[in-house]
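The structure under discussion appears below in the form of structure tokens.
Derivation of every value follows stated rules applied to the coordinates shown; laboratory data play no part. Just so we're clear, the structure is a prediction, and the values are computed from it rather than from any experiment. Glycine gets a Cβ as well: all are built from the backbone with ideal geometry, and neighbour counts include every protein chain shown.
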Amino acid sequence: QVQLVESGGGVVQAGGSLRLSCAASERSFTSYSVGWFRQAPGKEREFVAAIRWNNSNRDDADSVKGRFTISVDNAKNTVYLQMISLKPEDTAVYYCAARYSPILLTRWREYATWGQGTQVTVSS
């Protein structure tokens, strides 16, 4: 089973950018759906973006459309979440998740494997 290691979180001012990385250890993302989710204090975990391992299909939440881009680099076994024009409401712990799946998965309950999370804080 794939294991996930996230990195790239931090503190940034509103309007700034960050790129999160989700690296698969030991195995590649072949035949996986990989998603990014986030959870702010006191709120439920919410979908941010998801992608199929071969870039054949992707989706993202309305709240991040045009600002966040998910991509996969199979040579590096890494999925990225490029975030621009960050807003204070983007502040949350961001998690990547993966599941062996023939289709794109966008609900957090559908995912079996999770990373440890990385904190993103956007100051106003």
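A few comments on the model shown:
- Sparse-neighbourhood loop sites, GluC sites (Glu not before Pro) in segment 1-56 - DSSP loop, at most 12 other Cβ within 10 angstrom: 26, 44
- The Cα trace of the chain gives Rg and Dmax of 13.3, 41 Å, the first to one decimal, the second as a whole number.
- For a straight C-alpha distance cut-off of 28 angstrom, the lysines reachable from residue 43 (same-chain residues fewer than eight places away being disregarded) are 65, 87.
- Positive minus negative residues near residue 34 (Lys, Arg vs Asp, Glu; Cβ under 9 Å): +2
- Distance from the alpha carbon centroid of segment 20-47 to that of segment 70-98 works out to 8 angstrom.
- Debye log10 I(q)/I(0) for segment 1-48, one point scatterer per Cα, at q = 0.26, 0.27 Å⁻¹: -1.12, -1.14
- Extension gain for residue 55 to residue 17 (0.36 nm times residue separation, less C-alpha to C-alpha distance): 11.4 nm.
- The alpha-carbon of residue 76 sits under 14 angstrom from the alpha-carbons of these aspartates and glutamates, leaving out residues fewer than 8 places away in its chain: 6, 26.
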